[in-house]
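Inspection log for the structure reproduced underneath, given as structure tokens.
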Amino acid sequence: MGIFSEFREQNHNFWRYFWKYSQIIILIQLLINYVLIPILSYLANGIIFLGRVNYISYTNALYLLTKKPLVVIGLILILLLILLLVFTQFTLLLISFQAIKSKASLSWWDYLKKVAKNVFGLPFKAFGFFLLYFLIITPFGSLGISSTLLSKVKIPQFILDWLIQEHQFLAFLLLIIYLVILYIGLQWLFVLPMMIFENKSIKFAIKKSWELTRGKTIFYLGLFGLLIVVVAIVASIATGIVIFAQWIIDNVSFLKTIDFTMAVVNMTLIQFINITISLYASGMAVLIMLSRTHTRYFYPYKNHRGHKWFWGILALTVVISFVSYNVTYFNDWLLKPPVTVSHRGVDDGNGVQNSISALKTTSKENPDYIEMDIQETKDHQFVVYHDNTLKNLAGINKRPSEMTLNELKQTKIHENGKTTYIASFDDYLNAATKLHQKLLVELKPVSGNSKNFVQLFAKKYGTSLKKNKDMIHSLSYNYIEQSKELMPNVKASYILSFNLSGVPITKADDFTMEYTTLNRQFIDGAHLQRKNVFAWTVNDEDAMDRMIFLGSGGVITDNLATLNGEIKRLFNDSSYSERMTIYVAQMQDPFD
């Protein structure tokens, strides 16, 4: 059977039992998002709280292992529980879909008994395999073969940018690894169905799945590729038609009286289109996984209650929530413009990062803050520089801490076709003060800094920072805690490079988080502490829109003009159709 024939067969199967498949997906996602994730978050936060751990990061990993082993054990147990729940989720999906396509009339009790049999029969040694298995199928996550429980399994964007820009060989190696993982994921496509429906061991299931997919890598890759194309085309056409209809209403004078009402209706329609497409992508992905499974159920036909009242209440709740969101969205009651921050003082490569010349050029675009980095020099002064060594910008294989301030000020640095000199923080701060430009100063926790780095900085610059209403932030938890003790009136933000386990307990006024794993749960948790969250480093329009819709208090970017343009589009009297276009651009899977 060819790719198109197989796709047509599974497509026909999906639409034949659309509502039955959809019920399964919706119920599982409701259980995960509104029951399991809150419970798991509560357990993880409880372990951290009882263990008197204020934060979890790579910076305190050794401390946790040596001083807080019970906390580490507790978090590992939660990880194992997550793996068990992900296995349960996949098992329930596969069993339910196979029963539906086999025309079996199973009750939820039947499903749960079969799931329990598979889950409780799982050997402990299988956890290692499933950790690898679920990581390997992560590349198919956009097509439904994924779990919200594993939403943090991703490489942060700043690491990818660092690899591509500065370590092309490592970036190429990462690409090769990704392709290998993609290949293995395709070869293991039928491992789970065989374990569940044929009671095969992991070893046998892997071997058999490899045999079934041997020589058919292009076939299955093409099948998923076709699904991607179909989903993209249908989504674009469907939402495009609705937005075009709204554009007509926006631009025809006699329809102006109903433009707001129709905007709410059309936006609600788009949201339901998004749900339907998500159900389709998830359902088709599962059916492809089951395409070589031939288990049949022989159960007597039963009339199960449809629970129409439940689905009616759920549908009404969804409609009310959509309409309420859309009314607040179009009235600008929900979103507010974020604080704009120029990352390292540049905009789209308009100068050398962290240089005074770039500061002067970028400040003309009126960012709320210009972010820059400081380190300590050999003679215990402060220099404006980001990297651990001077090699990348100056061609010198030394750390800033190995040179005096005067030596560094005489060092030329090159970037974006421009040349300038390394700046002292004194000169940089004076230039910013004259320009009335507020700064977001990053205290770099590099090995060359002295033990009293923060004390020296606070004593010398605390008064000036307070007067100028500047801010500081740092990846070092201790730097931020010391800063709030020594400079209580200077706002400080704790930087997190990864969203691991909820909101840290800190004296920081705000948080700065790498945007790849930043989500609504973290932002809501920070807001409960009356703290904002700055997203970094957000450089493309879709990501900017997404961070604004999540409620980020600030956006740190290398492309300030682009960010200003997106804020203008979103908040400065855009038409309803334009606002809908922006919403669609950042629209996510509703079940994530």
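Quick notes on this one:
- The listed residue being touching an Asp or Glu at 6+ places or on another chain (Cβ under 9 Å), among the small types (Gly, Ala, Ser) and either modelled with pLDDT of 95 or more or under 20 Å from residue 492 (Cα atoms) (or both), out of 424, 355, 363: 355
- Every residue from the stretch 161-198 that is in a loop (DSSP other than H, G, I, E, B) and touching a residue at least 12 places away in the same chain (Cβ under 8 Å): 188, 189, 190, 198
- Taken over the stretch 430-453, residues that are touching a Ser or Thr at 6+ places or on another chain (Cβ under 6 Å) and among the aliphatic types (A, V, I, L, M) amount to 2.
- Members of the stretch 428-449 found to be in contact with a helix residue (DSSP H, G or I) (Cβ under 8 Å, 6 or more places away or on another chain), surrounded by fewer than 16 Cβ atoms within 10 Å (Cβ to Cβ) and modelled with pLDDT of 95 or more, listed by number: 433, 435
- When the stretch 302-336 is filtered for residues that are under 30 Å from residue 557 (Cα atoms), in a loop (DSSP other than H, G, I, E, B) and open to solvent by less than 50 Å² (accessible area, probe 1.4 Å), only 335 remains.
- Pair list, Cβ < 7 Å and 6+ apart or interchain, from the stretch 406-422 residues that are open to solvent by 90 Å² or more (accessible area, probe 1.4 Å) to residues that are assigned to a helix (DSSP H, G or I) and of a type in the set (Gly, Ala, Ser): 412/394
- Residue in the stretch 73-92 that is at pLDDT 90 or above and of a type outside the set (A, V, I, L, M, F, W, C) present: yes
- For the stretch 383-400, a residue qualifies if it is at pLDDT below 95 and of a type in the set (Ser, Thr, Tyr), and exactly one does: 389.
- Among the criteria (1) open to solvent by 40 Å² or more (accessible area, probe 1.4 Å); (2) in contact (Cβ under 8 Å) with a residue 40 or more places away in the chain; (3) within 30 Å of residue 27 (Cα to Cα), the one residue 524 does not fulfil is (2).
- Residue satisfying all of: in the stretch 214-236; crowded, with 16+ Cβ neighbours inside 10 Å and either aromatic (Phe, Trp, Tyr) or modelled with pLDDT under 90 (or both); farthest from residue 585 (Cα to Cα) among these: 220
- Selected residue (criterion: most open to solvent (accessible area, probe 1.4 Å)) from residues of the stretch 495-521 that are without any contact (Cβ under 8 Å) to a residue 40 or more places away in the chain and not in a helix (DSSP H, G or I): 507
The values are calculated or read from the model by the stated rules, or taken from the named source; none is laboratory data. As the structure is a prediction and not an experimental result, all values here were calculated from the model. Please note: Cβ atoms are built from the backbone with ideal geometry, for glycine as well, and neighbour counts cover all protein chains shown. SASA here: full protein model, heavy atoms, side chains in, ligands and nucleic acids out. Shrake-Rupley method; radii C 1.70, N 1.55, O 1.52, S 1.80 Å.
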